[in-house]
1. State the label only: which of [x] 23.2, 88; [y] 19.1, 66; [z] 20.2, 59 corresponds to Rg and Dmax of the Cα atoms in Å computed from the shown model?
2. Which residues' amide hydrogens lie under 5 Å from the amide hydrogen of Leu144, considering only partners 5 or more residues apart or on another chain, with H built in the peptide plane?
3. Filter the chymotrypsin sites (Phe, Trp or Tyr not before Pro) in region 1-80 to those in DSSP coil with at most 16 other Cβ atoms within 10 Å of their Cβ, and list the result.
Amino acid sequence: MVILKLFLAFLQVGLFTIGGGYAALPVIQNQVVETYGWLTAAEFTDLITISQMTPGPIGINAATFVGTRIAGLPGAIVATFGCILAPCLIVLTLSMLYKKYSSISYVRGVLSSLHPAVVGLIASACLSIVLQALFPVVVSLSGLDIAAAVLVAAGIFALKRFKVSQITVILAAGALGGLFYSLVERF
C-alpha cells in the first residue's frame, strides 16, 4: 500500500508542477510533509539541501530520497517513476501541439501569462525554506537561528559581490555550519 501511495504522491508532483525545479517545492512539501507525514518540516528542509547538492532535477532527487526512506529501493524506483511519468507524457503531447500551433497569438499569450504564476510558486517555496532555516522553532526574533542567518547573508553576499561559485558557497557553508554547530553542542 505504501508503494502505491508513493507512486500517487509523486505522480501528483509530476502532474501538477508547472515550471519545474523550485516550482515543484510547494507540491512536494504538500505531499511528503502535510498529506502523508513522511517527513517533518525540518527534514523537508534537509531534503531540499540534499537535492540541491546532488546532480539532477530537484523533483526526481526528492522522489528518489523519499522513496528510499519510506520503502527502500522499490520505493525509490516507484516514486521516481511516478514523478517522471506525467511530465514525459505531457511534454510529448505539448511538443507536438506546440509544433503545430506555436504561431497563434493566443497560444503565445497563454504561455506568457504562466510566467508570473511560476515566479509566485518559486517565491512561496523559497519563503518556506528561509523561514524554516532561520526560525527552526517558531517565527519570532527570539527563535532566530543567528548562525543560520549569518550563513545565509554571507552566502548571498559572496554570490552577488564576489561572484563566488555556488559550489564554493555550499561547501563553505557546510564546513562553517558543521564547525559552529559541533562547537555549540560541546558547550
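Since every read-out is calculated from the coordinates, none of them should be taken as a lab result. This is a predicted model, so every value here is computed, not measured. With ideal geometry, Cβ positions are generated from the backbone for all residues, glycine too; neighbour counts draw on all protein chains shown.
1. Matching entry in [x] 23.2, 88; [y] 19.1, 66; [z] 20.2, 59: [y].
2. Under 5 Å from the amide H of Leu144: no residue qualifies.
3. Tyr36
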